[in-house]
Amino acid sequence: MEDLSKLVAFYQLRETQDFILRRIKGEYQTDPYGLDPEIIELMRPLLHFFYRTYWRVKVEGLEHVPATGRGLLVANHSGVLPWDGAMIATAIAEDHPAKRVMRNTFLHWFSELPFVSPLFVSLGCIPGLPENAIRLLEEDQLVCSFPEGVKGVGKLYKDRYQLARFGRGGFVQVALKTGAPLIPVAVVGAEETYPMLANAKPLARLLKLPYFPITPFFPLLGPLGTIPVPSRWKITFCPPIPTATYGPAAADDPLIVFELAEKVRSTIQATLNQRPKTRWPF
Amino acid sequence: MAVFLLNGIDTYFGAQVAQVLSNQAGVDLIGLGRSAPIASVGQTTVLTGEFSGPQLAQVLQEKRVETVIHLAMAGEEQSNADSEATLQQNVLGSMLLLGACLAAKVKRVIIRSSTLIYGASVTNPVFIPEKQVRSCSLKPGLIREYADLDTFATNFVLKHPQIELVLLRCASLVGEKISSPLTRYLTQRRPRFLLGFNPRIQILHPEDAAKAFALAATSKKVSGAFNLVADQPVLLKQAIRLAGNLPFPLPSSLLATANILGQRRAVLGHWPFEQAFLRYSCIADSQKAQRELGWQATHSATAILRTLGSSKASLLNS
């Protein structure tokens, strides 16, 4: 028995060594958008831990995410750091029968951040520009958009679960141009990960950040304050809203665009409102 | 026999294009250069010397040139070109050449440009199409000269529609034989990168680029701008490692201080482009060239870099 475990340890060590040597020589492949499968494999245990153990994410309506073909997921955004996107992607990668890769879109401002920007790219995220989303959807991929943007993640705790403005409807235009179904996604629990009591705007301006969160733990506890609160999460995938019937020309019709945007927004808000009023977040 | 004139025969890349083009049937190629060619140019008639605008027009007229291929961009293959002389040649020299083409009633002009003229900006799409308008300004240097020439030529043919213009925007040429800005960066000792950033870059093998120039020169109906890149982008650090080198991290604050003190070169080493390209990607989409020009890169980016790495290793061992 002991010999066997030694053998296993030996092979694991050798595999790790091979992996490091290959990375040093640059012998790895990324996809055209910069997604690095090996980095995703490295991060998977961490995401799995957050998904199963830490936030105990409950998922509903995964059958509304297509097993093949394009789809534009639209989710509410909250919780200072974009953990919600990571958890939606993990839900589809782990619990969906097709185990699909979902591409999160991020605000291009994140590209300016050292370390964060290359990490996002290697995890398969793309800057949230219409051109990028259209290209991915035309390749029949799954893309997730957060139309609230910074107004969502920078929301105060007292405003939790109240959706902010849905941008200018750009996400609907993308769906119409590519005929991709819109899949509203409601995330409950991310609002509590960093309860933002106040936004220190002067500090944010000084550091050129979109917001500077004051939570019960940050900046009081320093780096420890960046550990998210282990709230209990629920992600609901709502029935898809088809857009192919309108045709690509509808993307230039503001009436249709705003009608669809409002439909998505109200679906998400209604799903969020269904959360138990006495819900204990932990 | 259709007469073609290639400006910039004295460069390695010019010779490469001449080799491909001059061996094609029905092609009479004249090569123009400041000095004699440095590599085999096939069946090209070579003219050397410095030509003024009117002299150029005279040559074009006398030889009844139909198509001009303009590759003479200083700063590509010389490692320490004087910046003022470079600008003179690249921008003003190119403007004079276009003027001469107009005077000599040249039908087609093929101009070399660069995919980096879109600039390094966070608002760039992941794959930049030819119609993209640059959203940031460029600092003086080779890339801005390409951008100036690109814009000037585009506006020039708008006013003179009798000239057909093809702009071939090439990714940085990299190969074991060519001296180019990015090859020099990748083969220097410990190339620097900015700590915390790892932009994706695109490269192109000179052979593939030469094929595209020959295609553009001989396919009569094609015009407009085309991005030319090897199959897939690679990460900057990955490119350095594949080229058999080790990337050296540089904190941005250190680089900022060096910039203020005027010690950029000492800290950054040889980086041929502006510093924004060390942070943000500028990745061009070459689908249009594949569709309309029927061009396809045969050397993949990783293969080019591996060859560069092994040629460097054999150089050290010998």
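In the range A:202-259, which residues are under 20 Å from the mean Cα position of the chain (by Cα) and assigned to a helix (DSSP H, G or I)? Across the range A:202-259, the qualifying residue is only A:T226. Scanning the range B:185-227 for residues that are more than 24 Å from B:V65 (Cβ to Cβ), more than 14 Å from chain A (Cβ to nearest Cβ), surrounded by fewer than 22 Cβ atoms within 10 Å (Cβ to Cβ) and out of contact with any strand residue (DSSP E or B) (no Cβ under 8 Å at 6 or more places or on another chain) yields B:T187, B:Q188, B:R189, B:E207. Within the span defined as the range B:228-244, every residue fails to be more than 14 Å from chain A (Cβ to nearest Cβ) and more than 24 Å from B:E77 (Cβ to Cβ). Only residues that are within 21 Å of the chain's Cα centre (by Cα) and among the β-branched types (V, I, T): list them for the range B:1-56, please. Those that are within 21 Å of the chain's Cα centre (by Cα) and among the β-branched types (V, I, T): B:I9, B:T11, B:V17, B:V20, B:I30, B:I38, B:V41.
With respect to the conditions (1) of a type in the set (G, A, S); (2) at pLDDT below 95; (3) under 17 Å from the mean Cα position of the chain (by Cα), B:S121 falls short on a single one, namely (3). A single member of A:R44, A:R52 is within 21 Å of A:Y194 (Cα to Cα) and charged (D, E, K, R), and it is A:R52.
Counting only helices (runs of 4 or more DSSP H) wholly contained in the range A:38-152, the ones carrying 3 or more residues that are under 30 Å from A:G225 (Cβ atoms) and within 11 Å of another protein chain (Cβ to nearest Cβ) occupy A:116-122.
Matching residues to (1) surrounded by 17 or more Cβ atoms within 10 Å (Cβ to Cβ); (2) modelled with pLDDT of 95 or more; (3) not basic (K, R):
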site: A:Y51; (1), (2), (3): yes, yes, yes
site: A:E63; (1), (2), (3): no, yes, yes
site: A:P66; (1), (2), (3): yes, yes, yes
site: A:R70; (1), (2), (3): yes, yes, no
site: A:V74; (1), (2), (3): yes, yes, yes
site: A:G79; (1), (2), (3): yes, no, yes
site: A:W83; (1), (2), (3): yes, no, yes
site: A:A91; (1), (2), (3): yes, yes, yes
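Flag not set for A:L156, criterion: crowded, with 20+ Cβ neighbours inside 10 Å and among the hydrophobic types (A, V, I, L, M, F, W, C).
Within the option set A:T90, A:T30, being more than 27 Å from A:E191 (Cα to Cα) and touching a residue at least 12 places away in the same chain (Cβ under 8 Å) holds for one residue only, A:T30.
Here B:A303 meets each of (1) under 20 Å from the mean Cα position of the chain (by Cα); (2) in contact (Cβ under 8 Å) with a residue 12 or more places away in the chain; (3) under 29 Å from A:P127 (Cβ atoms); (4) exposed (fewer than 15 other Cβ atoms within 10 Å of the Cβ) with one exception, condition (2).
Selection of the range A:193-207 for residues being in contact (Cβ under 8 Å) with a residue 12 or more places away in the chain and surrounded by 15 or more Cβ atoms within 10 Å (Cβ to Cβ) yields A:T193, A:Y194, A:P195, A:M196, A:N199, A:A200.
Annotation: of all residues in the range B:116-139 being closer than 21 Å to A:I134 by Cβ and hydroxyl-bearing (S, T, Y), the one that is nearest to the other protein chains (Cβ to nearest Cβ) is B:T123. Filtering B:L235, B:L254 for residues that are buried (at least 20 other Cβ atoms within 10 Å of the Cβ), over 19 Å from the mean Cα position of the chain (by Cα) and free of Cβ contacts under 8 Å to residues at least 40 places away in the same chain leaves a single hit, B:L235. Taking (1) at pLDDT 95 or above; (2) part of a helix (DSSP H, G or I) in turn, B:H299 satisfies each apart from (2).
Here the range A:153-170 is the region considered, the condition is being more than 20 Å from A:V257 (Cα to Cα) and in a loop (DSSP other than H, G, I, E, B), and the residue that is nearest to the other protein chains (Cβ to nearest Cβ) is A:G154. Condition (residue is under 22 Å from A:T243 (Cα atoms) and either modelled with pLDDT under 95 or over 11 Å from the mean Cα position of the chain (by Cα) (or both)) applied to the range A:106-127: is it met by at least one residue? The answer is no; no qualifying residue exists. Across the range B:257-273, the number of residues qualifying as surrounded by fewer than 19 Cβ atoms within 10 Å (Cβ to Cβ) and outside any helix (DSSP H, G or I) comes to 4. Selection of the range A:1-37 for residues being assigned to a helix (DSSP H, G or I) and among the charged types (D, E, K, R) yields A:E2, A:D3, A:K6, A:R14, A:E15, A:D18, A:R22, A:R23, A:K25.
The values are calculated or read from the model by the stated rules, or taken from the named source; none is laboratory data. Since the model is a prediction, treat every value here as computed from it, not as a measurement. No Cβ is skipped: glycine too gets one built from the backbone with ideal geometry, and neighbour counts run over all protein chains shown.
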